[in-house]
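The values are calculated or read from the model by the stated rules, or taken from the named source; none is laboratory data. Small disclaimer: the values here were computed from a predicted structure and weren't measured. Cβ atoms come from the backbone with ideal geometry, glycine included; neighbour counts cover every protein chain shown. These area figures cover heavy atoms from the full protein model, side chains too; ligands, DNA and RNA do not enter into them. Shrake-Rupley method; radii C 1.70, N 1.55, O 1.52, S 1.80 Å.
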Amino acid sequence: MTIPYPSTQPLPAIPAVTPPSGASRPRLTFLGTGYLGATYAICFAELGYEVVGFDIDAEKIAKLAGGEVPFHEPGLDELLKRNLAAGRLRFSTDIAETAEFGDVHFICVGTPQRADGMGADLSYVEAAVTGLSQHLTRKALIVGKSTVPVGTAEWIEQLVGKHANPELGVEVAWSPEFLQEGFAVEDVLRPNRIVVGVKSEWANGMLYAAHKGVFDLAATEDREVPLVVTDFATAELVKVAANAFLATKISFINAMAEVCEVAGADVTQLARALGYDPRIGNRFLQAGIGFGGGCLPKDIRAFQARAQELGAGEALRFLHEVDLINLRRRTRVLQLAAELLGRRYGPAGPDLSGTRVAVLGATFKPNSDDVRDAPSLAVAALLHKAGADVHVYDPQGMENARRERPELTYEPSMNDAVRGADLVCVLTEWADFRNADPVVLGELVAARRVIDGRNCLDPALWTQAGWEYRGMGRPA
Ligand code: NAD
C-alpha cells in the first residue's frame with residue numbers, strides 16, 4: 001500500500017492510536033546515537049517530539065548532553081543546542097529510564113561486517129533489543145532502523161517474545177533509513193519516502209503518529225512524502241536493494257572508466273552523454289576511486305551472504321563484480337602514481353620509496369568526518385605501503401583518520417600537505433580541493449604532478465599552470 005501524504009483521499013487505513021504512556025504524541029527513543037541515531041533524535045526533537053537518545057558509549061552521551069555533536073554533520077550542532085534548551089531532548093546511558101520513557105523505540109545501532117565473513121554482525125542489535133525488552137514495563141513498539149539482513153525483524157520479534165513480559169504486548173516493526181551523511185538533517189526532516197514494515201494496525205498507527213511531524217512539515221511546504229506500508233521482509237529488503245543499486249551504478253561507470261583508459265576515451269564526457277537519457281540520469285555516474293563509507297561496501301557484502309543462505313546467491317553474483325570493480329579503482333591510483341613518478345610497476349606493485357606524496361582527503365565523501373572504509377584513506381595506505389612518504393590533509397576527518405591509520409603523516413592544512421610533494425593526489429572532492437588554485441599550489445610542491453581521483457578538478461586549468469594531470473578514465 002502506498003499512501004501519498006498530504007492526500008486528497010481520507011486515510012482510513014491508518015488508525016488513530018493513543019500512546020501507551022498517555023502522552024498526546026508518542027514519546028520516542030533512539031538506541032544507538034551514532035551518525036544515524038543522534039541525527040534522528042535531534043531532528044525528531046526539532047519536529048516537536050519528546051525524545052531520549054540512548055547509547056552504551058558514555059563519552060558520546062556526555063558530549064551530546066553537553067550540546068556537542070560527536071561527529072561532523074552540517075547543521076546538526078545548532079539543532080542539538082536548540083532542542084536541549086527547549087527541554088524536548090535528553091541523552092542517557094540508563095536503559096531502564098529509556099525503556100520507561102518511550103512509546104516507540106528506534107533501534108539505530110551499528111551492523112558492521114562480521115570479522116569472520118561477509119555477513120552482518122547483529123550482536124549490537126541483539127544486545128540493544130534484549131536490554132530494552134527486559135526493562136519494558138508497558139506496551140511499546142520496537143522499530144528497527146539499522147540496515148539488516150532480511151529475516152532480522154522476525155528474529156527480533158522472537159527475541160522480544162523471550163525477554164519482554166508477554167502480558168505487555170510489545171510489538172515490533174521495521175523502518176529502514178535512507179539518510180546520506182553530509183545531507184542528513186535535510187534527509188531526516190524532508191525524506192523522499194518513508195517505508196514501514198508492520199504486522200498490525202496498532203503498529204501502523206503508532207509509526208504513523210511517530211512520523212506525523214514529518215508529514216505535517218511537508219504539508220506546510222506543499223510537498224508530499226510517499227509512505228510505503230509493507231511487510232517485514234520487503235521493508236528490510238528495500239534498504240539493501242537501494243544500496244545494491246547505487247553501488248552498481250557507481251561501479252558501472254568505473255567499469256566504463258577502465259575501458260576508456262585502454263581505448264583512449266574520456267569517461268567524464270561519456271557519463272555526461274549517458275546522463276542526458278532520463279532513463280539513466282546523471283547522478284551517481286561520476287567515475288573516480290569508488291564508493292566507501294560505513295554502508296555501501298558492507299551492505300552489498302551482507303546482502304550477498306544473506307541471499308546465499310536463502311538459496312538465491314546466484315541472483316546477486318553480480319554484486320561480487322561490483323565490489324571487485326570498486327576495489328580495482330584503488331590500485332589504479334597506485335598505477336598512475338608509478339607512471340607519473342617514473343617507477344616500474346612490478347608484480348608486487350611499485351616501489352615508491354624516496355618520494356613524497358600529498359593526499360588531499362581522508363573521508364569517504366565530502367562534508368563528513370566519516371573514514372569508515374574510505375577509498376581515499378585506503379589509497380593513502382597503499383601509497384605508504386609502496387614506500388612513499390605520505391602526507392594527508394582533510395578538512396574534517398583528521399582525528400578519525402589518525403586513529404584508523406596512525407602510520408601516515410597528518411598535516412594541519414592543504415598547503416602543509418602539498419609542500420615539497422613530488423605528487424599530489426586529490427582523493428575526496430571537498431570544495432576546498434575542487435577550488436584550490438593550481439598556480440598557488442604549484443609554488444609549494446617539488447614537482448607539479450596531480451592525480452585527480454574524483455575527476456573534480458579542471459584539467460585545462462591545472463595543465464595551464466604547468467601540472468602533469470591524470471584523472472580516472474581520462475586520456476593522459
Ligand atoms: P555508528 O557506528 O555511527 O553508531 C552506532 C552506535 O550504536 C554507536 O554510538 C554505538 O556506541 C551504539 N551502540 C552499540 N551497541 C549498543 C547498544 N547495545 N545499545 C545502544 N547503543 C549501542 O553507526 P551508524 O552510521 O549510525 O549506523 C547505524 C546503522 O544505521 C547501521 O546499521 C547502518 O548501516 C545504518 N545506516 C547508516 C546510515 C549512515 O549514513 N550512517 C544511513 C542509513 C542506515
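Please list, ordered by residue number, the helices (runs of 4 or more DSSP H) wholly in region 62-137 having 3 or more residues that are hydrophobic (A, V, I, L, M, F, W, C) and near the ligand (Cβ under 9 Å from one of its atoms).
So the answer is 123-135.
Quick test of your reading of the structure: residue 155 fulfils all but one of (1) more than 16 Å from the ligand (Cβ to nearest atom); (2) open to solvent by 50 Å² or more (accessible area, probe 1.4 Å); (3) part of a helix (DSSP H, G or I). Name the failing condition by number.
Failed condition: (1).
Based on this model, can you work out whether residue 437 counts as closer than 16 Å to residue 457 by Cβ, over 24 Å from the mean Cα position of the chain (by Cα) and surrounded by fewer than 22 Cβ atoms within 10 Å (Cβ to Cβ)?
For residue 437, the condition - closer than 16 Å to residue 457 by Cβ, over 24 Å from the mean Cα position of the chain (by Cα) and surrounded by fewer than 22 Cβ atoms within 10 Å (Cβ to Cβ) - is met.
Among the residues of region 284-343 satisfying the criterion of being on the phi > 0 side of the Ramachandran plot and open to solvent by 40 Å² or more (accessible area, probe 1.4 Å), which is nearest to the ligand (Cβ to nearest atom)?
Within region 284-343, the match that is nearest to the ligand (Cβ to nearest atom) is 284.
With over 21 Å from residue 284 (Cα atoms), in a helix (DSSP H, G or I) and among the basic types (Lys, Arg) as the only criterion, which of 212, 199, 239 stands out?
That would be 212, the only listed residue that is over 21 Å from residue 284 (Cα atoms), in a helix (DSSP H, G or I) and among the basic types (Lys, Arg).
Are there any helices (runs of 4 or more DSSP H) wholly within region 403-456 with 1 or more residues that are touching a strand residue (DSSP E or B) at 6+ places or on another chain (Cβ under 6 Å), and if so which?
Details: elements: 414-418, 431-434, 438-444.
Qualifying helices (runs of 4 or more DSSP H): 414-418, 431-434.
Of everything in region 30-60, what is of a type outside the set (Gly, Ala, Ser), more than 9 Å from the ligand (Cβ to nearest atom), open to solvent by less than 10 Å² (accessible area, probe 1.4 Å) and assigned to a helix (DSSP H, G or I)? Give them in sequence order.
Matches in region 30-60: 42, 43, 44.
Looking at 446, 465, 431, 401, which one is at pLDDT 95 or above and buried (at least 18 other Cβ atoms within 10 Å of the Cβ)?
From the options 446, 465, 431, 401, the qualifying one is 401.
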